[in-house]
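The values are calculated or read from the model by the stated rules, or taken from the named source; none is laboratory data. Model, not experiment: these values are computed from the prediction. When we count neighbours, we look across all protein chains shown, and the Cβ atoms used for this are built from the backbone with ideal geometry, even at glycine.
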Amino acid sequence: MKKNTFVLIFILSLLANQSLVDDAIKKGKTIAENICSVCHGVNGQANSGGNSVLVPHLTAQNEFYLIEKLKDYKSKKLEHHQMSLIADMLSIEDINNVSKWYSKIKIVIEEFE
């Protein structure tokens, strides 16, 4: 009986965790649509074509890398007029959510024949 209870609790915790992740991704997408998309696009493909160090592609970037960069802009450890202003507008939860959104976008590579 104890084993069944443990398994049930474990499964319920996994489902609850997945629900939290899905919610964070939805919130992150909303932030991307309303704030980030002007330069980086909702899908993370920068309007600059990704060829600018000032406006890079964000698609499939490492989530923790994005979090740290946004925190650095927020704290002014990194200076970029526009990014520092934007990071100031974001809460830590917003930073985590938008970073999760961009990191979860998958890159599809098509083969040419």
*Can you tell me which residue in region 75-94 is modelled with the highest pLDDT, limited to those that are out of contact with any Lys or Arg (no Cβ under 9 Å at 6 or more places or on another chain), in a loop (DSSP other than H, G, I, E, B) and not hydroxyl-bearing (Ser, Thr, Tyr)?*
LYS76
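Rundown of residues vs (1) in a loop (DSSP other than H, G, I, E, B); (2) among the hydrophobic types (A, V, I, L, M, F, W, C), yes/no style:
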| residue | (1), (2) |
| --- | --- |
| PRO56 | yes, no |
| ALA60 | yes, yes |
| LEU70 | no, yes |
| ASN96 | no, no |
| ILE107 | yes, yes |
| PHE112 | yes, yes |
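Condition check ((1) closer than 16 Å to CYS39 by Cβ; (2) under 10 Å from the mean Cα position of the chain (by Cα)) across all residues:
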| residue | (1), (2) |
| --- | --- |
| ILE67 | no, yes |
| LEU70 | yes, no |
| ALA87 | yes, no |
| LEU90 | yes, no |
| TRP101 | yes, yes |
| GLU111 | no, no |
*asked:* Residue pairs, Cβ under 9 Å, 6 or more apart or interchain, first in region 76-97 and closer than 19 Å to LYS27 by Cα, second part of a helix (DSSP H, G or I) and acidic (Asp, Glu). List them.
replied: ALA87/ASP72; ASN96/GLU63; ASN97/ASP23
*Could you look through region 33-53, keep only residues that are loosely packed, with under 14 Cβ neighbours inside 10 Å and hydrophobic (A, V, I, L, M, F, W, C), and pick out the one that is farthest from ILE105 (Cα to Cα)?*
VAL53
_Residues of region 35-54 that turn out to be part of a helix (DSSP H, G or I) and within 14 Å of the chain's Cα centre (by Cα), as a count_ = 4
*Out of ASP72, ASP23, which single residue is surrounded by 11 or more Cβ atoms within 10 Å (Cβ to Cβ), modelled with pLDDT of 95 or more and over 24 Å from ILE109 (Cβ atoms)?*
ASP72
